[in-house]
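Worksheet for the structure shown next.
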Amino acid sequence: MKAMVLNAPKTPLVWTELADREPGPGQIRVKVLACGVCRTDLHVFDGELPGPKSPIIPGHEIVGRIDALGAGVTELKLGERVGIPWLGHTCGVCSYCLGHRENLCDAPLFTGYTRDGGFATATVADARFAFPLGESGDDVSLAPLLCAGLIGWRSLKLAGEGKRIGLYGFGAAGHIVAQVAKWQGREVFAFTRPGDTGTQDFARSLGVTWAGGSDEAPPKLLDAAIIYATVGALVPAALRAVRKGGRVVCAGIHMSDIPSFPYQILWEERSLVSVANLTREDGLEFLGQAPKMGLKVKTTLYPLQKANEALSDLRAGRFDGAAVLVP
Ligand SMILES: [Zn+2]
Ligand SMILES: [Zn+2]
């Protein structure tokens, strides 16, 4: 197999030939068909997350086809198309696992962070954490659903049932969640980097009610806001944009420090929460309904060997939607 390997933080990924891996008990090996590039891959690249596997093959939005089954795998078949998400393994015995909150497991493994991921021609995964994808939908459009879509879904659930939803950051997750929220009959308010009129136009093309800069106030107070951008200063901005009793959800794994803010903007029962990871239940729920939503996932393709270019284009905001690597 070949892979784009991160040998040390902040050094370019290196195209590397590796010995083929055999799936252990309970594992599958998949031939990678497409792998999305997520903002979290940049945090792994920058060494901003504690305790990574090193060297590591990043990538946790994997669409692949099973080409080897480990002992004891009976739920999945050879040749089946599956999706492999960020949550790669949980212990099954901690209080979080037993309490239906496996996203908070005390001893988890995460794909492309603490176990090797999908910036490769092949990968090995825990069969219990792979989602059957069926045969409808193309590999490239499905890949971003595996994180941007899934974490997006979880963040939207945490935002509550309110009708007016603000999205701070309109990249891979934002553009998918906007469409999901619209499908649910909600109004979406998209906030981009100030002055990024290109992305604001893109958001309008997906039918959002309003699009503007993150330094602007929305035309109406919001029921909830979800922050996908990694900028801590957006937290007080979002709190100011939600109504009494409104909720602000921080959906990223990493954020710059949140500046201090007056208690008054949190008061009146506004709440501020974060989303961490996903549960398999979230995945099944979202992937089961996604085909009905008519999602238009905007993708920019890169050959696997151009992973470094995809990461730097993501950092610079050079494309709308999601980047996807294809071996
Ligand atoms: Zn656990
Ligand atoms: Zn991700």
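The values are calculated or read from the model by the stated rules, or taken from the named source; none is laboratory data. Computed from a prediction, not measured in an experiment: that's the story for all the values here. Here the Cβ positions follow ideal geometry from the backbone for every residue, glycine too, while neighbour counts run over all protein chains shown. Each accessible area value is taken on the protein alone, full model and side chains, heavy atoms only, with ligands, DNA and RNA left out. Shrake-Rupley method; radii C 1.70, N 1.55, O 1.52, S 1.80 Å.
Brief remarks on what is shown
- Residue ID - most open to solvent (accessible area, probe 1.4 Å), chosen from residues in the stretch 11-54 that are among the small types (G, A, S) and touching a strand residue (DSSP E or B) at 6+ places or on another chain (Cβ under 9 Å): S54
- Of the residues making up the stretch 252-271, those that are touching a helix residue (DSSP H, G or I) at 6+ places or on another chain (Cβ under 8 Å) and either of a type in the set (F, W, Y) or open to solvent by 70 Å² or more (accessible area, probe 1.4 Å) (or both) number 3.
- Any chance G72 is open to solvent by less than 50 Å² (accessible area, probe 1.4 Å) and among the small types (G, A, S): no
- Residues in the stretch 288-302 that are open to solvent by 30 Å² or more (accessible area, probe 1.4 Å) and out of contact with any Pro (no Cβ under 8 Å at 6 or more places or on another chain): G288, Q289, P291, K292, G294, L295, K296, K298, T300, L301.
- Among the candidates L13, L49, L42, residue that is within 27 Å of G317 (Cβ to Cβ), away from ligand 1 (no atom under 16 Å from the Cβ) and under 14 Å from the mean Cα position of the chain (by Cα): L42
- On the stretch given as the stretch 272-285, residues that are open to solvent by 50 Å² or more (accessible area, probe 1.4 Å) and touching a Lys or Arg at 6+ places or on another chain (Cβ under 7 Å) total 0.
- Taken over the stretch 75-96, the criterion of being among the hydrophobic types (A, V, I, L, M, F, W, C), open to solvent by less than 40 Å² (accessible area, probe 1.4 Å) and more than 19 Å from L311 (Cα to Cα) is satisfied by L76, V82, I84, L87, C94.
- Search result, residues across the stretch 62-79 that are touching a residue at least 24 places away in the same chain (Cβ under 8 Å) and out of contact with any Pro (no Cβ under 6 Å at 6 or more places or on another chain): I62, V63, G64, R65, I66, D67, L69, V73, E75, L76
- Matching residues, the stretch 112-154, being within 15 Å of L87 (Cβ to Cβ), of a type in the set (G, A, S) and surrounded by 24 or more Cβ atoms within 10 Å (Cβ to Cβ): G112, G117, G118, A125, A130, A148, G149, G152
- Scanning the stretch 92-104 for residues that are more than 16 Å from I151 (Cα to Cα) and within 11 Å of ligand 1 (Cβ to nearest atom) turns up G92, V93, C94, S95, Y96, C97, L98, G99.
- Qualifying residue in the stretch 213-227 (condition: under 19 Å from A290 (Cβ atoms), under 22 Å from the mean Cα position of the chain (by Cα) and hydrophobic (A, V, I, L, M, F, W, C)): yes
- Residues of the stretch 254-301 that turn out to be under 18 Å from the mean Cα position of the chain (by Cα), without any contact (Cβ under 8 Å) to a residue 60 or more places away in the chain and over 23 Å from A323 (Cβ atoms), as a count: 3
- Residues being within 14 Å of ligand 2 (Cβ to nearest atom) and either on the phi > 0 side of the Ramachandran plot or of a type in the set (A, V, I, L, M, F, W, C) (or both) - total across the stretch 39-55: 4
- Filter result for G36 (more than 23 Å from the chain's Cα centre (by Cα) and either within 13 Å of ligand 2 (Cβ to nearest atom) or at positive phi (or both)): no
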